[in-house]
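I have placed the structure first, in the form of structure tokens, so that the comments after it can refer back to it.
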Amino acid sequence: MMILEVVDVNIVDLPTVGRLRRLKCLLLLGSWLERLPEAFGDMQSLVELDPSKASITKLRDSFGNLKNLQCLSLRSCRKIEKVPNPFGDLKSLYELDISYSGLVQLPDSIEKLKELKAIKMSGCNIHELPSPIGSMRKLEMLDTPSSLKGEIPSQIGRFSSLRVLVLSRTKICLLPSTIRIYDR
């Protein structure tokens, strides 16, 4: 099986991971799933994980073992308030959508995600961007939450790959003088 799609279903538990090792795409949209399996990190082939609107309360520490994960959407996962420390081990991740999630901060380990091209944060309650976000040279799109305050890291203005910067309804009081949006 390559794709498992569980949309608006009352499943509260997934089968043992051994049977899902070759899974490439796991879509749990609107499911009642509250937790991921214990050995979740053993799903080494997983490229896309989307538990949008699921009832998951936290991500397991083994989450960092998903070395091939490219797209992660925690959109509308209101019960997830933080990501585990091994988050920075997701070296292949290039798209992160945490819009309308319960997250209140991004971990500093986000700086390790060198392949990240898009971060979507609309509607979440993050008040400031971690300064390490300024080291993400491949970032093309940054959609910030309206709860954002203060300043954005000045390094962001030097990104030659940045094409979209959304600051709608934020409480940002200062843009870095280095800010530029480049054409490609």
- Query: What are the extents of the Cα atoms of the chain along their three principal axes, listed from largest to smallest and rounded to whole Å?
  - Reply: 52, 27, 25
- Return the sequence-ordered ³J(HN,Hα) values of the range 93-103 in whole Hz as given by the Karplus equation 6.51 cos²θ - 1.76 cosθ + 1.60 applied to θ = phi - 60°, using x for Gly and Pro. 5, 10, 9, 10, 10, 10, 4, 6, 8, x, 4
- Task: List the relative contact order of the range 16-68 as a percent without decimals, with contacts defined as Cα pairs under 8 Å and 6+ residues apart.
- Result: 43 percent
- Message: Suppose each label sits 7 Å from its Cα in the direction of the beta carbon; what would the Val47-Ser168 distance come out to in nanometres?
- Response: 3.0 nm
- Task: Calculate one ³J(HN,Hα) per residue across the range 68-85 by plugging θ = phi - 60° into the Karplus curve 6.51 cos²θ - 1.76 cosθ + 1.60, and present them in order as whole Hz with x for glycine and proline.
- Result: 9, 5, 10, 10, 10, 10, 10, 3, 6, 8, 5, 8, 8, 9, 8, 9, x, 3
- Across the range 106-120, in residue order, what do the Karplus-derived ³J(HN,Hα) couplings come to in whole Hz, using 6.51 cos²θ - 1.76 cosθ + 1.60 with θ = phi - 60° and x for Gly and Pro? 9, x, 4, 5, 4, 4, 6, 7, 5, 8, 4, 10, 9, 10, 10
- Output the peptides 78-86, 161-169 sorted from most to least packed, where packing is the average of other Cβ atoms within 10 Å over each peptide's residues. 78-86, 161-169
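Mean separation of Cα pairs under 8 Å and 6+ residues apart, divided by the residue count of the range 2-174: what relative contact order is that in percent?
Details: 500 pairs, mean separation 22.6, N = 173.
13 percent.
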- Message: Testing the spin-label approximation: label points 7 Å from Cα along Cα→Cβ at Ser92 and Asp108. State their distance in nm.
- Response: 2.9 nm
- Task: Enumerate the lysines that Lys149 could reach by cross-link, defined here as Cα to Cα under 29 Å, with residues fewer than 8 away along the same chain left out.
- Result: Lys53, Lys58, Lys79, Lys82, Lys91, Lys112, Lys114, Lys117, Lys120, Lys138, Lys171
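A short reminder: the numbers here are calculations on the coordinates, not readings from a lab. No experiment lies behind these values; they were computed from the predicted model shown. So basically every Cβ, Gly included, is an ideal-geometry build from the backbone, and we count neighbours across all protein chains shown.
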